[in-house]
């Protein structure tokens, strides 16, 4: 006999446990929570994911998730369309937007180059970035990828592709250093070292 | 503008974050994971919860979750139907079943008496337990509720209801003591105290 008293319960637990980071015990707890909700609420729960999968599109310019062919950021006249910030994923766009400090547009790669995971340049939105920049209006691209070997590889690949295409624009990367509010003595050596090498002029 | 680049994405995140213990950041991560899956997989995910809600029933005897009117345990001829183990919820049945040590049947209360949360005796399956015991075949009920004030209250309430109904059967509760493998010095005082008061004969 199965560990579960019901096959439909077991199937629901299997589905919940298929989510990353959700173990079988947690999955059971979540499923039993759903089971205690009203019919309409479970329908709304399930329906939200079906609708998402059916209706969501990716912006044809920046490849961010969107409800429309061109996302609100790419279609905004208030944004600076000459500056493109290159990020790994949708969450990164949301994080940068939350700072309220960036007025340019984005380019969502949808991953970074990772030979270990079998992700090559063709698997992410690099061709479309080069094409976008080739149109000539872009003046700066800001690389905001993770500081990992994969991130560095992707940064360098993009840099070479732009060079090879004969595109001469400003390429910058976001500043890395001691986080605001963090104490010097508790900052890791690599970050602290970079913060000294990449020091900037003091604006008194 | 909303924090989310898409309304359907936001709605899916809202639904995921409605699960207990799932924060908005985790919900976003889970939803974006679903979005990367194939259509059929998202349909299977959503469908499992709809099916669960539609098809699952509660056993008419023990009130455990079941696919059938009478659950596999209650309909089994191999189980001892004269012993009923009273538990709070479905998970407790699964935990006890996993030990392989219990051959009787269950009664799932679906909660415990908690004045703080507004749960009274009528909100849980106590009447049906008394009725079940009144039929006369039951010889023992084992109380396996949590050792909390609510658990103790519920134990005592069941005891009094059985007394008032003039039902004289053996009432036991599961043993509490130092967990197997645990060291004495790290056991909390209340558990250790109980383990001494409720000591049992040594079987050499």
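Structure notes:
- Search result, residues across the range B:1-49 that are out of contact with any strand residue (DSSP E or B) (no Cβ under 6 Å at 6 or more places or on another chain) and not in a helix (DSSP H, G or I): B:1, B:2, B:3, B:4, B:18, B:19, B:20, B:21, B:22, B:23, B:37, B:38
- Of the candidates A:173, A:183, A:163, the single residue that is at negative phi and touching a strand residue (DSSP E or B) at 6+ places or on another chain (Cβ under 9 Å) is A:173.
- Among the residues of the range A:154-204, those that are surrounded by fewer than 12 Cβ atoms within 10 Å (Cβ to Cβ) and under 28 Å from residue A:137 (Cα atoms) comprise A:160, A:163, A:164, A:166, A:168, A:170, A:175.
- Selection within the range A:98-128 - without any contact (Cβ under 8 Å) to a residue 24 or more places away in the chain and out of contact with any helix residue (DSSP H, G or I) (no Cβ under 9 Å at 6 or more places or on another chain): A:98, A:99, A:100, A:101, A:118, A:120, A:122, A:123
- Subset of the range B:55-64 [facing another protein chain (nearest Cβ under 8 Å) and not in a loop (DSSP other than H, G, I, E, B)]: B:55
- Some residue of the range B:100-108 being closer than 25 Å to residue A:36 by Cβ and modelled with pLDDT under 95: no
- Residues of the range A:65-96 that are at the interface with another protein chain (Cβ under 8 Å from one of its Cβ atoms), closer than 19 Å to residue A:151 by Cα and in a loop (DSSP other than H, G, I, E, B): A:89 alone.
- Of all residues assigned to the range B:79-96, at least one qualifies as being free of Cβ contacts under 8 Å to residues at least 12 places away in the same chain, under 20 Å from residue A:7 (Cβ atoms), in contact with a helix residue (DSSP H, G or I) (Cβ under 9 Å, 6 or more places away or on another chain) and in the same structural domain as residue B:147 (by TED's automatic domain parsing).
- Complete set of residues in the range A:180-199 that are without any contact (Cβ under 8 Å) to a residue 12 or more places away in the chain, part of a loop (DSSP other than H, G, I, E, B) and under 29 Å from residue A:106 (Cα atoms): A:180, A:181, A:182, A:199
- Summed over the range B:24-36, residues that are more than 8 Å from chain A (Cβ to nearest Cβ) and at pLDDT 95 or above total 1.
- Consider the range B:1-17 and keep the residues that are more than 7 Å from every other protein chain (Cβ to nearest Cβ) and either touching a residue at least 60 places away in the same chain (Cβ under 8 Å) or under 13 Å from residue A:47 (Cβ atoms) (or both). The one that is surrounded by the most Cβ atoms within 10 Å (Cβ to Cβ) is B:16.
- Filtered residue count, the range A:162-178, keeping only those that are free of Cβ contacts under 8 Å to residues at least 12 places away in the same chain and not in a helix (DSSP H, G or I): 2
- Residue within the range B:126-135 that is part of a strand (DSSP E or B), surrounded by fewer than 21 Cβ atoms within 10 Å (Cβ to Cβ) and more than 10 Å from chain A (Cβ to nearest Cβ) present: no
The values are calculated or read from the model by the stated rules, or taken from the named source; none is laboratory data. On a predicted model such as this, the values are computed, not experimentally measured, just so you know. For neighbour counting, all protein chains shown are included, and Cβ atoms are generated from backbone atoms with ideal geometry for every residue, glycine included.
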